[in-house]
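Coordinate-derived values only; no laboratory data. Since we're looking at a predicted model, the values are computed, not measured. All Cβ positions, glycine included, derive from the backbone under ideal geometry; neighbour counts span all protein chains shown.
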Amino acid sequence: MEYLLALSLSAFFTVLYFYFKANKIRNVKSKYIKKSEIIEAYENELLEILKNSNPSDKVTLKIEFLKKVNQELALNIFFEKDEIKQVLEKLSKMEC
């Protein structure tokens, strides 16, 4: 009798778990939206760096930033090599 009660309680809680797990709204972004958000974040960060730096330091800061972006995008699963190159070219042409 005790085993039947334990089995029914565990089955009940298992059903509740899967019911509430399935009802959660998942905000899954597509690959293209995620890419555009990443690129936009890099553009905003570069503009902020260029805006808040001295004119003589802008070139070195921009080069350091582009190196950082290159390293981060090389590890990112969303970007291929040609896409990384396009993003870096776009960022390198940006001016404040």
| field | Globularity ratio of the stretch 48-96, using Cα Rg and 2.2 N^0.38 Å | value | 1.22
| said: Give me the dipole magnitude in Debye, nearest 20, for the stretch 1-43 about the Cα centre, with unit charges on the beta carbon: positive for Lys and Arg, negative for Asp and Glu. | reply: 200 debye
| Compactness ratio of the stretch 1-54: Cα Rg over 2.2 N^0.38 Å, N = residue count? | 2.46
| field | the chain: angle of helix 31-51 to the longest principal axis, Cα-based, in degrees nearest 10 | value | 40 degrees
| field | Approximate spin-label separation K90-S8, in nm, with each point projected 7 Å along Cα-to-Cβ | value | 6.1 nm
| task | May I ask for the Kirkwood hydrodynamic radius of the chain, worked out over all distinct Cα pairs and given in angstroms to one decimal? | result | 17.2 Å
| query | Between N27 and N44, what length comes free when the chain is fully extended (0.36 nm per residue of separation minus the Cα-Cα distance, one decimal in nm)? | reply | 3.7 nm
| message | As I understand it, the dipole of the chain uses +1 on the Cβ of Lys and Arg and -1 on the Cβ of Asp and Glu, about the Cα centre. Which of F20, Y42, L4 lies farthest toward its positive end? | response | L4
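With respect to the cross-link table entries K21/K85; K21/K68; K34/K68; K21/K81; K29/K58; K29/K51, which display a Cα-Cα separation exceeding 29 Å? Don't skip to the end; give the middle numbers.
Values: K21/K85 41 Å; K21/K68 39 Å; K34/K68 19 Å; K21/K81 37 Å; K29/K58 34 Å; K29/K51 31 Å.
Among K21/K85; K21/K68; K34/K68; K21/K81; K29/K58; K29/K51, the Cα-Cα distance tops 29 Å for K21/K85; K21/K68; K21/K81; K29/K58; K29/K51.
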| message | Using only Cα atoms and rounding to the nearest 10 degrees, what angle (0 to 90) does helix 81-93 make with the longest principal axis of the chain? | response | 50 degrees
| remark: Note, the stretch 58-63: 3J(HN,Hα) by Karplus (6.51, -1.76, 1.60, θ = phi - 60°), whole Hz, Gly/Pro = x, goes 4, 5, 5, 5, 5, 5
